[in-house]
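Q: Quick one: the structure is below, and I'll ask about it shortly.
The values are calculated or read from the model by the stated rules, or taken from the named source; none is laboratory data. Everything numeric in this text was worked out from a predicted model, so none of it was measured. As a convention, Cβ positions derive from the backbone with ideal geometry for all residues, glycine included, and neighbour counts pool all protein chains shown.
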Amino acid sequence: MKSIVILISGRGSNMEAILDAGLRLNIKAVISNRPDATGLAMASRRGIATRVFDHSAYASREAFDAALAVGIDSVAPDYIVLAGFMRVLTEGFVARYPMRILNIHPSLLPAFGGMHTHRHALATGVKIHGATVHFVTSHLDHGPIIIQAAVPVLPHDDEAALAHRVLVVEHQIYPQALRWLAEGRITFKENNVVEIRDLNVSSDIGDQQLRMPME
Ligand code: NHR
Ligand code: GAR
């Protein structure tokens, strides 16, 4: 069975969706860069080992990433799963784990990388928004895309309403991406374009990718 560590910074609702999905994955640890992340207690309650590397205690990004890498390597996971993890990782860190770090980003990449994606989507006036699970490369929010899901932007949306609608599909697509990972079905074509082996459109992505949840 493949193993993962999950990196969080806060609430951990994506982490919880992953834990609830009953995936055939050994979850070796949950690591937070914030001591007050509420997701840590939830992981502990489920008997998962937790660790904190407080980024504010390190003099540089390199020093933080080096400590984080030692913590991760002590449990030797196959993959690193960023679930609401809010620190940009250095090139050196990413190079240590090529195509072994996954992230969920709350927009339809390549639109709206970076922070405050819902604010930017509303300000731009897009009518479709969503979420993306992708591999992490040193080019922020530009790594190979594994799965995306779309939601409508509705006339009276504010950031909170839109964020909530997107979060619902995040909780569907991250477990799905990790199910494919657990099954060893993620392959790469030219230019690292991801292809899912033996994809069954209705059972693998019908619910997640093609439905537009309306509350
Ligand atoms: N690291 C690399 N190298 N590549 C990616 O694609 C990454 C990454 C680290 C995190 C998640 C990401 C997102 O989905 C992610 C993708 C935080 C920031 C950010 O600017 C940007 C992107 C993402 C996460 N963080 C601030 C920083 O100075 C801190 C903000 C805070 O602490 O609240 O690191 O969007
Ligand atoms: C999620 O919406 C996730 O996509 C987003 O933060 C939220 C974390 O929620 N991630 C980013 O914005 C990364 N920059 P969670 O802690 O409840 O999973």
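Q: For the range 97-115, does any single residue satisfy the condition of being touching a helix residue (DSSP H, G or I) at 6+ places or on another chain (Cβ under 7 Å), away from ligand 2 (no atom under 15 Å from the Cβ) and touching a residue at least 12 places away in the same chain (Cβ under 8 Å)?
A: Within the range 97-115, not a single residue is touching a helix residue (DSSP H, G or I) at 6+ places or on another chain (Cβ under 7 Å), away from ligand 2 (no atom under 15 Å from the Cβ) and touching a residue at least 12 places away in the same chain (Cβ under 8 Å).
Q: Here is a further query. Kindly provide the set of residues from the range 114-142 that are β-branched (Val, Ile, Thr) and part of a strand (DSSP E or B), ordered by number.
A: Correct list: ILE128, THR132, VAL133.
Q: Here's another thing I want to ask about it. Test of understanding: among ALA37, ALA43, ALA21, which residue is surrounded by 22 or more Cβ atoms within 10 Å (Cβ to Cβ), over 17 Å from ALA76 (Cα atoms) and away from ligand 1 (no atom under 16 Å from the Cβ)? Even if it seems obvious, please write down each step before you answer.
A: Values: ALA37 fails: away from ligand 1 (no atom under 16 Å from the Cβ); ALA21 fails: surrounded by 22 or more Cβ atoms within 10 Å (Cβ to Cβ).
Selected residue: ALA43, the only one of ALA37, ALA43, ALA21 that is surrounded by 22 or more Cβ atoms within 10 Å (Cβ to Cβ), over 17 Å from ALA76 (Cα atoms) and away from ligand 1 (no atom under 16 Å from the Cβ).
Q: Looking for whichever is modelled with pLDDT of 95 or more, more than 30 Å from MET1 (Cβ to Cβ), assigned to a helix (DSSP H, G or I) and not basic (Lys, Arg) here; the options are ALA59, ALA43, ALA63, ALA111. Which one fits? Give the derivation first.
A: Working: ALA59 fails: assigned to a helix (DSSP H, G or I); ALA43 fails: more than 30 Å from MET1 (Cβ to Cβ); ALA111 fails: assigned to a helix (DSSP H, G or I).
Sole residue among the options that is modelled with pLDDT of 95 or more, more than 30 Å from MET1 (Cβ to Cβ), assigned to a helix (DSSP H, G or I) and not basic (Lys, Arg): ALA63.
Q: What is the residue count in the range 9-65 for residues that are of a type in the set (A, V, I, L, M), away from ligand 2 (no atom under 14 Å from the Cβ), touching a residue at least 12 places away in the same chain (Cβ under 8 Å) and over 23 Å from VAL169 (Cβ atoms)?
A: 4
Q: Of everything in the range 143-162 that's in contact with a strand residue (DSSP E or B) (Cβ under 7 Å, 6 or more places away or on another chain) and in a loop (DSSP other than H, G, I, E, B), which residue is farthest from ligand 2 (Cβ to nearest atom)?
A: In this case the residue turns out to be PRO144.
Q: Out of PHE93, PHE85, I need the residue that is without any contact (Cβ under 8 Å) to a residue 40 or more places away in the chain and either buried (at least 16 other Cβ atoms within 10 Å of the Cβ) or within 26 Å of ASP157 (Cβ to Cβ) (or both). Which one?
A: Unique residue meeting the criteria: PHE93.
Q: Of all residues in the range 74-103, how many are near ligand 1 (Cβ under 7 Å from one of its atoms) and in contact with a strand residue (DSSP E or B) (Cβ under 6 Å, 6 or more places away or on another chain)?
A: Here the count works out to 3.
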